[in-house]
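**Student:** Can you read through this structure? Questions will come right after.
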Amino acid sequence: METRLQQYLDEAEIKRVHIRYCRGIDRMDWDLVRSCYHPDAIDRHGAYNGGVEGFIEWAEELLPAFECTQHFTGNQYVQLDGDVAYAEHYAQASHRTRPEGDKPAMDWVVNVRYVDRMERRNGVAYCRSGCRA
C-alpha cells in the first residue's frame, strides 16, 4: 500500500510541474518556467530545439507579441520508472494577437501534446530533463 501511495504522490508532483509550466508561460513568469526544468534539460518546442535558458530567451522574444495566452490542460499520462518518469500532457493553448492599425486582434489556438522525460535527482522533486511539444 505504501508503494502505491508513493506512486500517486509522484504522479501528482509531475502533473503539478506541467500546470506550473503552463502558468509560468501564460504569466510570462520566467523564473516559474525555469523551475520546471533541470538546468541541463533539452526542450524541443516547435521552432526551438535546445537548452532551457535558450528556450526561455526564445519565449521572452515571442510571447510579448501576444496580448495574452491561456493554456487549458487535458489528459495527462505518467509512467514511473524509479526516479525517472515519462509523461504525456495534452493542452490547448490560446493566443490573442495585439491589434495593429486596421487589423483587429486575432485568436490563434494550438492543440499541443507535451512529451516529457522527468527526473527526480538527489531526492529533489521531479523536473523536466527533456521536453518535446
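**Student:** Out of the range 23-40, which residues are part of a helix (DSSP H, G or I) and among the acidic types (Asp, Glu)? Walk me through it before giving the result.
**Tutor:** Residues of the range 23-40 part of a helix (DSSP H, G or I): 23-27, 30-34.
Listed by number, the residues that qualify are Asp26, Asp31.
**Student:** Looking only at the range 52-71, count every residue that is loosely packed, with under 15 Cβ neighbours inside 10 Å and either among the acidic types (Asp, Glu) or under 27 Å from Arg120 (Cβ atoms) (or both) and tell me the total.
**Tutor:** Of the residues in that region, 6 qualify.
**Student:** Still on this structure, please answer the following. If you go through the range 115-126, how many residues are surrounded by fewer than 21 Cβ atoms within 10 Å (Cβ to Cβ) and either of a type in the set (D, E, K, R) or touching a residue at least 40 places away in the same chain (Cβ under 8 Å) (or both)?
**Tutor:** Kept after step one, since they are surrounded by fewer than 21 Cβ atoms within 10 Å (Cβ to Cβ), are these residues of the range 115-126: 115, 117, 119-125.
Imposing the further condition that a residue be either of a type in the set (D, E, K, R) or touching a residue at least 40 places away in the same chain (Cβ under 8 Å) (or both) reduces the set to 117, 119-121, 125.
Here the count works out to 5.
**Student:** Now a separate question. Within the range 1-22, does at least one residue satisfy the condition of being part of a strand (DSSP E or B) and surrounded by 14 or more Cβ atoms within 10 Å (Cβ to Cβ)? First the steps, then the outcome.
**Tutor:** Within the range 1-22, the first condition is being part of a strand (DSSP E or B), and the residues that meet it are none.
The answer is no, given that none of the residues of the range 1-22 is part of a strand (DSSP E or B) and surrounded by 14 or more Cβ atoms within 10 Å (Cβ to Cβ).
**Student:** Related question: Of all residues in the range 105-121, which are outside any loop (DSSP other than H, G, I, E, B) and either of a type in the set (A, V, I, L, M, F, W, C) or closer than 20 Å to Cys68 by Cβ (or both)? Break it down into steps so the answer makes sense when it comes.
**Tutor:** Quick first cut of the range 105-121, residues outside any loop (DSSP other than H, G, I, E, B) only: 107-119.
Hits for the range 105-121 are Asp107, Trp108, Val109, Val110, Asn111, Val112, Val115, Met118.
Quick note: the coordinates plus some simple rules give every number you see, no bench work behind them. On a predicted model such as this, the values are computed, not experimentally measured, just so you know. Using ideal geometry, Cβ is built from the backbone for each residue, glycine included, and neighbour counts are taken over all protein chains shown.
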